[in-house]
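Here's the structure, in structure tokens; my notes come after.
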Amino acid sequence: MMDKKKSLLLLTAVAAGATLYNILKPVKSNVEAMEGFELNRYLGDWYEIARLDFFWEKNLKNVMASYSMREDGLIRVDNQGYDMVKKKRKQSVGKANFVGSEDRGGLKVSFFGPFYSGYNVMMVDGDYESALVFGDNLDYMWILSREKTIRKEVKDKYLDFAQRSGYNIDKLVWTVQD
């Protein structure tokens, strides 16, 4: 009986925390995700070039994200990297689905039960060789590439767009890929 009470208390605390975060969360990004998004071209492996750091990715290098289709029609999200402090690999597997139309880059991603976060593909370059992704607020941003590096002109274009969209690009962490 005590384990059920502890589980219920923990679940209640998590739900309350999520609700409070949604009420008090940072300024939302008001930029719309890209139109003409093609999921099949986006699927596959991506190297993280840069990110706005947050707790899950602290101290990580060699960060990669892999996207594939699940049998239930959702998108499988597999994020992993190497924790330089703990000296071990770290992995988180979640799921994603579209918020609206499938030709718009607006998705929601969950790594923990019923709690979802925004994942908005803002721009892709070339033949889906690189991507700029914003979260649902100004605390989350990623630059991704199919290669361990990104061309300077693409990087500059993404940084300019992010800055004009309200993101503090001076806080970006440039991911070590070795």
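Each value in this text was obtained by applying a stated rule to the coordinates, not by laboratory testing. Fair warning: this is a prediction, and the values are worked out from it, not measured in the lab. Please note: Cβ atoms are built from the backbone with ideal geometry, for glycine as well, and neighbour counts cover all protein chains shown.
Protection proxy ranking of 165-177, 64-76, 129-141, by the mean of other Cβ atoms within 10 Å over each peptide's residues and highest first, is 129-141, 165-177, 64-76.
Projecting label points 7 angstrom from Cα along Cα→Cβ for Asp78 and Trp174 puts them 3.0 nm apart. Between the residues Gly100, Leu172, Tyr128, the greatest Cα displacement towards the positive end of the dipole of segment 78-178, with unit charges on the Cβ of Lys, Arg, Asp and Glu, is found for Leu172.
Ranked by how many other Cβ atoms sit within 10 Å of their own Cβ, fewest first, the residues Arg41, Arg146 fall in the order Arg41, Arg146.
Placing R0 at 25 angstrom, the Cβ-Cβ distance between Gln163 and Lys86 gives a FRET efficiency of 0.15 after rounding to 0.05.
Applying 1/(1 + (r/R0)^6) with R0 = 22 Å to the Cβ-Cβ distance of Asp103 and Glu129, what FRET efficiency is obtained, to the nearest 0.05? It comes out at approximately 0.65. Take the alpha carbon atoms of segment 112-178, find their center, do the same for segment 43-91, and report the distance between the two centers in whole angstrom. Distance between centres, Cα-based: 14 Å.
Stokes-Einstein diffusion of segment 34-174 at 4 °C, 1.567 mPa s viscosity, Kirkwood radius from Cα pairs, rounded to a whole number: 84 µm²/s.
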